[in-house]
Amino acid sequence: AAVKLLIMFLVHWGYALANIGVVFIVWLYIGHANPAVKPGISAEFKFFTWLKNIFFRLIGKRVQEYEQIVVTPLHPGVEVISSQMNEENEDFSSRKRYHQSSTIQGYSVNVDDY
């Protein structure tokens with residue numbers, strides 16, 4: 001992308017600035033016209049953190065991020081109850097039950113107690 005921007009500025013700096021301005025205006029318009037669009041992973045992207053992680057990997061240091069927590073599905077404080085959404089039907093009795101739902105109820109656990 002940087003090479004394309006450089007080529008745009010080398011061709012004509014006025015057209016390059018106009019093009020960047022139009023892209024920015026369209027981006028603002030879409031953001032205001034449809035704010036419900038989820039930004040996806042780009043909202044979580046941090047350029048300087050990414051650059052720092054790349055640098056550390058290049059020099060051989062291990063990069064660890066502790067922002068996400070993995071919770072096991074068999075937590076003792078979570079109760080899982082299966083429920084059937086529809087009634088039994090003789091027409092489909094030979095089929096396996098693929099569509100099932102489960103209700104998960106959890107409660108707050110004090111980590112200091114363990």
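The values are calculated or read from the model by the stated rules, or taken from the named source; none is laboratory data. Bear in mind the structure is a predicted one, so any value in this text is a computation, not a measurement. Cβ sites come from the backbone with ideal geometry, for glycine too, and all protein chains shown count toward neighbours.
Does Glu67 fit the bill of being out of contact with any Asp or Glu (no Cβ under 8 Å at 6 or more places or on another chain), modelled with pLDDT under 70 and within 30 Å of Asn110 (Cα to Cα)?
On the way: out of contact with any Asp or Glu (no Cβ under 8 Å at 6 or more places or on another chain): yes; modelled with pLDDT under 70: yes; within 30 Å of Asn110 (Cα to Cα): yes.
Here the answer is yes, as Glu67 does meet what is asked.
A single entry from Ile25, Ile30 fulfils the requirement of being closer than 24 Å to Ala1 by Cα, modelled with pLDDT of 80 or more and part of a helix (DSSP H, G or I): Ile25. Of all residues in the stretch 1-33, exactly one satisfies the criterion of being surrounded by fewer than 10 Cβ atoms within 10 Å (Cβ to Cβ) and either of a type in the set (Lys, Arg) or touching a Leu at 6+ places or on another chain (Cβ under 9 Å) (or both), namely Lys4.
Within the stretch 4-23, residues that are on the phi < 0 side of the Ramachandran plot sit with their Cβ atoms under 9 Å from residues that are assigned to a helix (DSSP H, G or I) and exposed (fewer than 10 other Cβ atoms within 10 Å of the Cβ), at 6+ positions apart or across chains, in these pairs: Ala16/Leu10.
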